[in-house]
Amino acid sequence: MSYDYTAMSSDVLTKTGSTSTGSAAKAKGDSSASEGAAGVPTWIESLTSESFVWRHLGPTALDISQMLTVLGFDSLAALIAAAVPEGIRVNAPLAIEKGLSETEALRKIADIAGQNQVYRSYIGLGYASCVTPPVIQRNILENPGWYTQYTPYQPEISQGRLEALLNYQTMVTDLTGLEIANASLLDEGTAAAEAMNMSFGVCQNKAAKKAQRFWVSAACHPQTIEVIKTRSRPLNIEVIIGDHRSPDLIANGPFFGALLQYPATDGAIFDYAPFIEQAHAAGTIVTVAADLLSLTLLKPPGEFGADIAVGSTQRFGVPLGYGGPHAAYFATKQTYARKLPGRLVGLSKDTQGAPALRLALQTREQHIRRDAATSNICTAQVLLAIIASTYAVYHGPAGLKGIAHKIHQLTMALADGLQKLGYQLGQAPVFDTLTVVTGERTANIIARAAEQQINLRIDPERSDHPRTVGVSLDETTDAEQITELLAIFAGDQAVPTLASLSPTPLPTDFSRTSAYLTHPTFNQYHSETELLRYLYSLQKKDLSLADAMIPLGSCTMKLNATAEMVPITWPEFGQIHPFVPLAQTQGYQTLFTQLENWLSEITGFAGVSLQPNAGSQGEYTGLLVIQEYHQSQGEAHRNICLIPQSAHGTNPASAVMAGMKVVAVKCDDDGNIDVADLAAKAEKHTENLAALMVTYPSTHGVFEESIKHVCEIIHSHGGQVYMDGANMNAQVGLCRPGDIGADVCHLNLHKTFAFLMVAVAQALAPSGWRPIWWPFYPAII
């Protein structure tokens, strides 16, 4: 059977006139204006190549005509005219580049990738190079049977993914020594912020909760500290940065919670037990941000008293990707199970009495509790969590311990060599990171490293402390790299030989003695054949978009084209540390600039940020921008957020996290905003109105006719309009949030565009905003 590569006929497209986004040529994937518009000869324009759009999407002109007939329309233009209010439709093509074929696009992205420089990075700070086992890369990361599923709210078609996520939870609880873990969060920094929020909720010390003070160790990763500071401000939480070794620190509280880093950001391993004992005596909830791989060797947080453990699973087989996305973990005590943010996979029984997995407890709790929810997180990094859990399944407890032991021994060998060269190191034990006092030799060391295409951690200069440089080793490090590093630090000195080095073992006081990963799943799939069969057995228990259509709402991930997914695994994108010098990431900067410009044109906003990494974070960021804007206008008292009853449940949860008070707006029998009720409540709260959160099209998929009037009502009372862009895929090319009247909007790129944008642009939900708001965008959320 032949496949019709041609576009739909112009009759089907425009029997009643052209669409709002262009002519029939547009339907062929050509976003330019007319033929020859750029001075290209007509004969060249006539040379056809397979259009990406039609190769990817598939429906032919006949298919579209049949669908239109069923719907009762004779053209797409007529369907659009009926669905999208005329007053908000755009009437000109979007000013973005002409679409490319798959081959052309891959050639272009390869050229952009070539602008990045892949150095070997020893920067650390919570990120490490690792090996993605080929069996996992090919059969999970690159397999549409794993990367296209809908979120697993329907357990009967999600048993394979749920089992992989249960493996993840088991891996986390075993390694942290705590009793319960969720199915992953977005990243380590926001997981720490979730821990801060949960600590406030579970703390029993009334004086501490009243004081609203949270203590953070200065030894935490700097990006985590910045996230904590940002997330604390709307909630009026005072963050105190300190040294856990200071005497009677907790006694100088009260603090409802405390955050420690294990090992510390400079590599030091501390005995936190005395600090935690003192904290608990003062009623303080203690969170430990721990390197999960180190816990195969080190005493786990649960064994020295931690109430919560958070961290990243990136080094469990997930590429660096210039910072993400990576799955964070969150573990705590069983006592706090009902305060756990995110998703939790539980084991039940089906109607036949057989074991069955399901999502339990907090699943989409925002839709039930709304503004009383304890978190706005309604998602998980499922694909990346599955990669991490499968990495643990593949290596097993002995394999993981072997990787950690190798890293530690190479680190201690390097430490011995550096000391032989006369360098001073920290006195505390370390796992994989050394902090070296380099003083006046720093510049020469960094220069020699750059010549070898090596990145080291360059610590900030301090007037009260000699200049230091950090070196963090990882799974990809071998003995030859130790020699290379020693040569960089040696300069004109003789380089110590490997035979002369004597790595020391981890002190027994810090060594782990308890067992972990004892479940059979982690002890029987260590060959590629065994793992491959296990993965396919799980895949058969799932329904993905490789099997069928899944019409279950806005969170559905599309069956992304292979050409969109291929670049994710290229080292020029995947093997770059997030803190390398910008000069090494010119390809990324090109991608960011192009994407920001295209999204600005698509949304009608003057600027776009690619920072937030989920819809929930996009909501939160947008509301912070609105809040900061009101404060700049001398109206910090504006704290009322109007939210339609039909809104996504994350909306009210995000508003509360941003320090706002939620007022619900009624909807009519069809689910549309009750404009009269909106106007009445805007009038009632006119002095304190901060924002309206509105989803467009609405959660039930309708372009509400009143949307411009709704925006005008809010603006007339001094408020701002936040548009939830979860359904932005329905707007692209037809209407633009900025033209409608929205002030801030987030876009879920995995829904509107492709998963590739997550890996390349580091964002699922960029927030667009008006120019006057640029100064108010938070540095790190």
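The values are calculated or read from the model by the stated rules, or taken from the named source; none is laboratory data. Not measured: the values here are computed from a predicted model. All Cβ positions, even for glycine, are placed from backbone atoms using ideal geometry, and neighbour counts span all protein chains on display. With ligands, DNA and RNA removed, areas are computed over all heavy atoms of the protein, side chains included. Shrake-Rupley method; radii C 1.70, N 1.55, O 1.52, S 1.80 Å.
Structure summary
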| item | result |
| --- | --- |
| Residues that are open to solvent by less than 50 Å² (accessible area, probe 1.4 Å) and of a type outside the set (G, A, S), drawn from segment 54-78 | W54, P59, T60, I64, L68, L76 |
| Members of segment 574-589 found to be open to solvent by 40 Å² or more (accessible area, probe 1.4 Å) and either over 21 Å from the mean Cα position of the chain (by Cα) or farther than 27 Å from G733 by Cα (or both), listed by number | Q575, F579, P581, L582, A583, Q586 |
| Output for segment 299-344, where each listed residue is of a type in the set (A, V, I, L, M, F, W, C) and either within 20 Å of Y394 (Cβ to Cβ) or not in a strand (DSSP E or B) (or both) | F304, A306, F316, V318, L320, A327, A337, L340 |
| In segment 675-705, the residues that are at pLDDT 95 or above and in a loop (DSSP other than H, G, I, E, B) | H685, T686, E687, N688 |
| Residue satisfying condition, being open to solvent by 80 Å² or more (accessible area, probe 1.4 Å), touching a residue at least 12 places away in the same chain (Cβ under 8 Å), of a type in the set (A, V, I, L, M) and within 25 Å of G124 (Cα to Cα), within set I488, I445, I454, I458 | I458 |
| Only listed residue being more than 30 Å from S654 (Cβ to Cβ) and basic (K, R), chosen from K349, K339, K333 | K349 |
| Lone unmet requirement of (1) crowded, with 24+ Cβ neighbours inside 10 Å; (2) part of a helix (DSSP H, G or I) for P612 | (2) |
| Matching residues in segment 201-248 - criterion: being more than 26 Å from H630 (Cα to Cα), under 30 Å from the mean Cα position of the chain (by Cα) and among the hydroxyl-bearing types (S, T, Y) | S217, T224 |
| Checking A208 against (1) assigned to a helix (DSSP H, G or I); (2) surrounded by fewer than 22 Cβ atoms within 10 Å (Cβ to Cβ), the condition it does not meet | (2) |
| Any hit, segment 136-151, residues being in contact with an Asp or Glu (Cβ under 6 Å, 6 or more places away or on another chain), hydrophobic (A, V, I, L, M, F, W, C) and in a helix (DSSP H, G or I) | no |
| Residue list for segment 254-298, restricted to those being assigned to a loop (DSSP other than H, G, I, E, B) and open to solvent by 20 Å² or more (accessible area, probe 1.4 Å) | P254, T265, D266, F270, D271, A282, G283, D291, L297 |
| Extreme residue, nearest to H700 (Cα to Cα), among residues of segment 620-649 that are open to solvent by 10 Å² or more (accessible area, probe 1.4 Å) and of a type in the set (S, T, Y) | S646 |
| Number of the exception - V721 against (1) under 19 Å from G607 (Cα atoms); (2) in a loop (DSSP other than H, G, I, E, B); (3) open to solvent by less than 10 Å² (accessible area, probe 1.4 Å) | (2) |
| Test set (1) among the hydroxyl-bearing types (S, T, Y); (2) out of contact with any Cys (no Cβ under 9 Å at 6 or more places or on another chain); (3) open to solvent by 10 Å² or more (accessible area, probe 1.4 Å) - T151 fails condition number | (2) |
| Segment 346-388 - residue that is of a type in the set (S, T, Y) and open to solvent by 20 Å² or more (accessible area, probe 1.4 Å) and, of those, modelled with the lowest pLDDT | T363 |
| Extreme residue, modelled with the lowest pLDDT, among residues of segment 503-550 that are in a loop (DSSP other than H, G, I, E, B) and touching a Phe, Trp or Tyr at 6+ places or on another chain (Cβ under 6 Å) | I550 |
| Per-region count, segment 89-133, residues part of a loop (DSSP other than H, G, I, E, B) and among the basic types (K, R) | 1 |
| Flag if A655 is at negative phi and crowded, with 24+ Cβ neighbours inside 10 Å | yes |
| Options G701, G719; residue that is within 24 Å of E635 (Cβ to Cβ) and touching a residue at least 12 places away in the same chain (Cβ under 8 Å) | G719 |
| Residue pairs meeting the criteria (Cβ under 8 Å; at least 6 apart or on separate chains; first within 19 Å of A264 (Cα to Cα) and open to solvent by less than 10 Å² (accessible area, probe 1.4 Å), in segment 412-432; second at pLDDT 95 or above and of a type in the set (D, E, K, R)) | F431/D291 |
| Search result, residues across segment 225-235 that are aliphatic (A, V, I, L, M) and either closer than 30 Å to D474 by Cβ or part of a strand (DSSP E or B) (or both) | I225, V227, I228 |
| Filter result (closer than 23 Å to E628 by Cα and in contact with a Pro (Cβ under 7 Å, 6 or more places away or on another chain)) within segment 653-709 | M657, A658, G659, V662, V694 |
| Breaking point among (1) in contact with a Phe, Trp or Tyr (Cβ under 6 Å, 6 or more places away or on another chain); (2) more than 30 Å from G342 (Cα to Cα), for E628 | (2) |
| Members of segment 627-646 found to be of a type outside the set (K, R), touching a strand residue (DSSP E or B) at 6+ places or on another chain (Cβ under 8 Å) and not in a helix (DSSP H, G or I), listed by number | N639, I640, C641, L642, I643, P644, Q645, S646 |
| Some residue of segment 236-252 being open to solvent by 10 Å² or more (accessible area, probe 1.4 Å), part of a helix (DSSP H, G or I), out of contact with any Asp or Glu (no Cβ under 9 Å at 6 or more places or on another chain) and among the charged types (D, E, K, R) | no |
| Top-ranked residue of segment 461-484 - restricted to ones that are β-branched (V, I, T), in contact (Cβ under 8 Å) with a residue 60 or more places away in the chain and outside any strand (DSSP E or B), ranked as surrounded by the most Cβ atoms within 10 Å (Cβ to Cβ) | T477 |
| Top-ranked residue in segment 590-609 [being open to solvent by 10 Å² or more (accessible area, probe 1.4 Å) and among the hydroxyl-bearing types (S, T, Y); ranked as nearest to the chain's Cα centre (by Cα)] | S609 |
